[in-house]
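Before any comments, here is the structure.
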Amino acid sequence: MEPISAIKFQSLLSDGEDLIDKEISGDVRIYANPFGIYLLIERCVFNGSLTLNDVEFNKDVVFRNCVFNGIVSFYNVTFSKKLEFANSRSNDRLEIANCVFSELYFKGGKFNNVQFKGILNEVANVKTLIEFQSGTYERLGFYCKEITCPIQFSGGSYEFIFFEKTKFYNSLSIDGLQLVIKRFYFQSVDFFDRISFSECLIDGDVNFHNVSFNEQVIFNRNFTCDALYFSNVIAKQDVSLNYGGNLSWLDISTCDFQTSLNCYNYNAYDLAQGERKLTCNINGIVRGNILLEGIPVSSLTISGVNFGNVIFKKIETHFITIVDFNNHNKLTFSGLKLNGLYNVFIIFDSNVNSTEFVNIDFRKFHEFVISKSEVSNILLSNSILPSKLQIGTKHPQYGYVIKADEKINDNTYFRESYRQLKLAMEKQGNKSYALAFKAKEMFYLRREVPFGWDKVLLYLNYWSNNNGLSWSRGLIFTFLISWIMFLLYEHTLIHSSFYWSLSITKTEAIQGFRNGFDGFLNFLASFPLFKKLENDKNTAATNAVFIASRILIGYGIYQTITAFRKFGSK
C-alpha cells in the first residue's frame, strides 16, 4: 500500500486516475469542483478527514474496501449517477448533508456513525434509490428537514436507526431476509408516501413518536420485533399489522387512526403454535378506529380516554384490565376466547360508559373485578355476567385492590357496583339480570346500614320474596306470618276456636284441628272475620293483633304478587 499525502490524493483525483492501494495522510478537502469521470477508490486508507463540499459528480463514484479513520463529510454534493460504499469501514462519523442522489448504495462493511442531514433530494426525472444492502452499523441517523429519495433497507445489521424532525416525501421499505435491526426510532416525522415493513428481524423495539402517516403503513407477518410503539401518532390512511406470532408487545398512546389500525390474523395462523403471544397496552387519548381480530393477546390493558371506536374481536386472552379509563365513544369486546389456566377481567377506577360485550360468558373468568367504576351504561349482547363480582383481585401480585387510605367500606363498593349493573340491565330491559343484581345490591345495603327500621325493612324484603326474585318465598312468608298472627289472635279471644291438649281423645283432637283450621281460614279472609269479632266481644289486644295481621298479611300478598310479575311489564 502506497502512502501519499492529502494533496497528492487531490491531485490524482483531479486527473481522473483510479485510486487503488493508497494510504492517505492528512485531511482531504475538495471544494466546488465538478467531476465528469468514473471514480473508483479501492483499498485506500484515509487517516485524516475526507470532506467534499459543493461538488458535482456526473459519473459513478465507488469506495470499495476502504477504511476511514477520520470524519467523512459530504456537503451540498450532487451525485448524478451512483455513489457506492462497498465493504468499507468508517471508524468515525460519516455525514451526508444537503446532497442530491440518483443512487446511493451501502454494500457491506462496518460503519460507526452514519448521519444524514439537511435536505436529501432526488435527481430530477431519474429513478432514484438509497439502499442499504448489507453491512454493520452502530448508529444510523436521519436528521433531515426533507427527504425526497426512496429509502430501502434490504440487508445488514443495525444497532440503532433513528429518523428525527423529517418530512419524508417518498417511500420507505424494510424488506430483507438478512436484515437485523436492534432499535428503530421515528420522532417528529411526517410521512407522505407508503411505508412497508415486509421481512426483517428487529431484535428490540420500533417506536413511532409524534409521527404523521399520510399514506398506508403495512407490517407484514414476516416482520418480527419485540415491541411496537405508537405514541402521538396521526394516521390518515390504513395502518395494517398482519400478526403471525411475530410481535410480543403493542403499545398505543395518544393516537388518531383516522381510517383504521387493523391488527389481524389474515392467514388463519395456528395460534397454539405461536412462538409469542401479544401484550397490548392502549392509553392516553385515543381517536379513530382500532381493530384487533383473531389474534392471541395474553394481556390487554386499557387506560386513558377513548374518543374513537376500539374493537377486540375473537381475540384469545386471559387477562384484561381496564383502569383509569374514560370511554366517550365506542369500546367493544366480541367473542373473547379464554386461553389461560387463570383468567381475570378487571374494571378499576374507570368510566366505561357504553362499552359493549358481545357473545361473552364472563362466568369463565376466575376473577371478575369491578371497583370504583361507572358501569351503568354497559351493553350486553348474547353475553352472561357472573352472579358474583369482586372489588379487588385475590392475588396480591395483580395489584388491583383499594388502598387502605382510600377505602370507605367494602359493602359500599360492592353495593355501588351491583347497583350500576342493575341500572345497566334495566336500561336494556334485561329484567332477570336487573332483579338478580338488585338482590345483591340490597344484600350489601343490609350489611351497610346500622340497626334500625331501615334494616328491619330490608330484612323483611329479603325474607318475603328475596327482593322480588322468589314468589314461593312470598307464599311461605304469607302463610307463616298468618299462622303466627292467628295464634296471637286466638290467644286474645275470650272464646278461642283453636285448642289443643294431651288429655283429649283422638276425636276431640280431630275436631279441635278442624275448628282451628276453620278459624285460621276465617282469619285469612278479612270480611267474614268482622262478624266473628262483633259476636265474641273481644279485648283491645284482639283489635291490635288484628290490625297488625292485616298489615303483615297484606304485605306478604303484595310481595308474592310482585315476585309473580317479575318478568311482566311495568
Just to be sure before I move on: is residue 168 touching a Gly at 6+ places or on another chain (Cβ under 8 Å), within 19 Å of residue 114 (Cα to Cα) and open to solvent by less than 40 Å² (accessible area, probe 1.4 Å) in the structure I sent? no
I'd like to know if region 115-135 contains one or more residues that are crowded, with 17+ Cβ neighbours inside 10 Å, over 24 Å from residue 67 (Cβ atoms) and touching a Leu at 6+ places or on another chain (Cβ under 8 Å). yes
Just checking, how many residues over region 90-126 are of a type in the set (Lys, Arg) and at pLDDT below 90? 0
Filter region 329-353 for residues that are open to solvent by 50 Å² or more (accessible area, probe 1.4 Å) and farther than 19 Å from residue 371 by Cα and give the result. 329, 330, 337, 338, 339, 341, 342
Test: residue 459 is assigned to a helix (DSSP H, G or I), touching a residue at least 12 places away in the same chain (Cβ under 8 Å) and either open to solvent by less than 50 Å² (accessible area, probe 1.4 Å) or in contact with a Gly (Cβ under 6 Å, 6 or more places away or on another chain) (or both): no
Collect the residues in region 215-261 that are under 18 Å from residue 296 (Cβ atoms), open to solvent by 10 Å² or more (accessible area, probe 1.4 Å) and modelled with pLDDT of 95 or more, keeping them in residue-number order. 251
I'd like the full set of residues that are part of a strand (DSSP E or B), within 26 Å of residue 324 (Cβ to Cβ), modelled with pLDDT under 95 and open to solvent by 10 Å² or more (accessible area, probe 1.4 Å), limited to region 263-287. 279
Going residue by residue through region 122-133, is there one that turns out to be in a strand (DSSP E or B), closer than 21 Å to residue 53 by Cα and touching an Asp or Glu at 6+ places or on another chain (Cβ under 9 Å)? yes
Filtered residue count, region 1-42, keeping only those that are free of Cβ contacts under 8 Å to residues at least 24 places away in the same chain, within 21 Å of residue 83 (Cβ to Cβ) and of a type outside the set (Ser, Thr, Tyr): 12
Anything in region 17-30 that is open to solvent by 30 Å² or more (accessible area, probe 1.4 Å) and within 56 Å of the chain's Cα centre (by Cα)? List them, or say none. 27, 29
With criteria (1) crowded, with 22+ Cβ neighbours inside 10 Å; (2) without any contact (Cβ under 8 Å) to a residue 24 or more places away in the chain, residue 390 comes up short on (1)
What are the pairs with Cβ atoms under 6 angstrom where one residue, in region 217-232, is under 13 Å from residue 263 (Cβ atoms) and the other, located anywhere, is crowded, with 19+ Cβ neighbours inside 10 Å and among the small types (Gly, Ala, Ser)? Sequence gap at least six, or different chains. 221/244
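The values are calculated or read from the model by the stated rules, or taken from the named source; none is laboratory data. Since the model is a prediction, treat every value here as computed from it, not as a measurement. For neighbour counting, all protein chains shown are included, and Cβ atoms are generated from backbone atoms with ideal geometry for every residue, glycine included. For the accessible areas, the whole protein counts, side chains as well, though only heavy atoms, and no ligand, DNA or RNA atoms are used. Shrake-Rupley method; radii C 1.70, N 1.55, O 1.52, S 1.80 Å.
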